[in-house]
Amino acid sequence: MEPNLIARAVIDAAMAVHSELGPGLLESAYESCLAYELASRKIFVQRQVTVPVRYRNHTLDVGYRIDLLVDAQLIVEIKAVERIAPIHVAQVLTYLKLAKRPLGLLLNFNMPHLRDGIRRVVNGLSAD
């Protein structure tokens with residue numbers, strides 16, 4: 001599936017999760033529920049995918065993890081914070097670079113309306 005179509009499917013699933021649970025839970029709860037929702041829609045999803053760092057021709061596992069990798073293409077980073085900060089966008093940009101993926105979504109579930117907590121992050125560029 002094409003990354004933009006995957007992103008739309010993830011946003012739709014995230015809206016369903018947010019509609020049922022609302023804001024105020026831990027990130028791990030939203031991650032589990034979103035992974036379940038995507039799997040129930042027959043969308044392949046992996047949780048806590050290791051992202052190694054390449055440094056001077058060495059691959060190092062330094063503990064970086066992608067919250068969700070959807071259809072082996074789309075990186076989803078889940079937050080439950082007051083507001084998305086530039087460091088959160090930088091985190092997704094770094095994951096995109098390290099994992100060599102074209103598109104990421106930053107989802108902040110700690111919002112009255114999830115649509116206000118969605119950021120698309122594309123190839124080193126962020127778009128609201």
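Test Arg65 against the stated conditions and say whether it is in contact (Cβ under 8 Å) with a residue 12 or more places away in the chain, closer than 15 Å to Leu93 by Cα, among the charged types (D, E, K, R) and surrounded by fewer than 16 Cβ atoms within 10 Å (Cβ to Cβ).
So Arg65 passes the test.
What single numbered condition from (1) within 15 Å of the chain's Cα centre (by Cα); (2) over 18 Å from Gly117 (Cβ atoms) fails to hold for Ala80?
(2)
Kindly establish whether Ile11 is touching a strand residue (DSSP E or B) at 6+ places or on another chain (Cβ under 6 Å) and touching a residue at least 12 places away in the same chain (Cβ under 8 Å).
Answer is no for this residue.
What are the pairs, 6+ residues apart or on separate chains, where a residue within region 73-85 that is in contact (Cβ under 8 Å) with a residue 24 or more places away in the chain and surrounded by fewer than 21 Cβ atoms within 10 Å (Cβ to Cβ) has its Cβ under 8 Å from a residue that is in a loop (DSSP other than H, G, I, E, B) and of a type in the set (Lys, Arg)?
If the second residue must be in a loop (DSSP other than H, G, I, E, B) and of a type in the set (Lys, Arg), the pairs left are Gln73/Arg101.
With the condition kept exactly as written, say whether any residue in region 34-41 is farther than 21 Å from Gly117 by Cα, in a helix (DSSP H, G or I), open to solvent by 50 Å² or more (accessible area, probe 1.4 Å) and without any contact (Cβ under 8 Å) to a residue 12 or more places away in the chain.
Yes: region 34-41 contains one or more residues that are farther than 21 Å from Gly117 by Cα, in a helix (DSSP H, G or I), open to solvent by 50 Å² or more (accessible area, probe 1.4 Å) and without any contact (Cβ under 8 Å) to a residue 12 or more places away in the chain.
Find the residue count for region 49-62, including only residues that are open to solvent by 20 Å² or more (accessible area, probe 1.4 Å) and touching a Leu at 6+ places or on another chain (Cβ under 7 Å).
3
Kindly provide the set of residues from region 86-114 that are open to solvent by 30 Å² or more (accessible area, probe 1.4 Å), closer than 25 Å to Arg41 by Cα and modelled with pLDDT under 95, ordered by number.
Arg101, Pro102
The values are calculated or read from the model by the stated rules, or taken from the named source; none is laboratory data. If you're wondering where the values come from, they're calculated on a predicted model, not measured in any experiment. Every residue, glycine as well, gets a Cβ built from its backbone with ideal geometry; the counts of neighbours run over all protein chains shown. We work out accessible area using only protein heavy atoms, side chains counted, and drop any ligands, DNA or RNA first. Shrake-Rupley method; radii C 1.70, N 1.55, O 1.52, S 1.80 Å.
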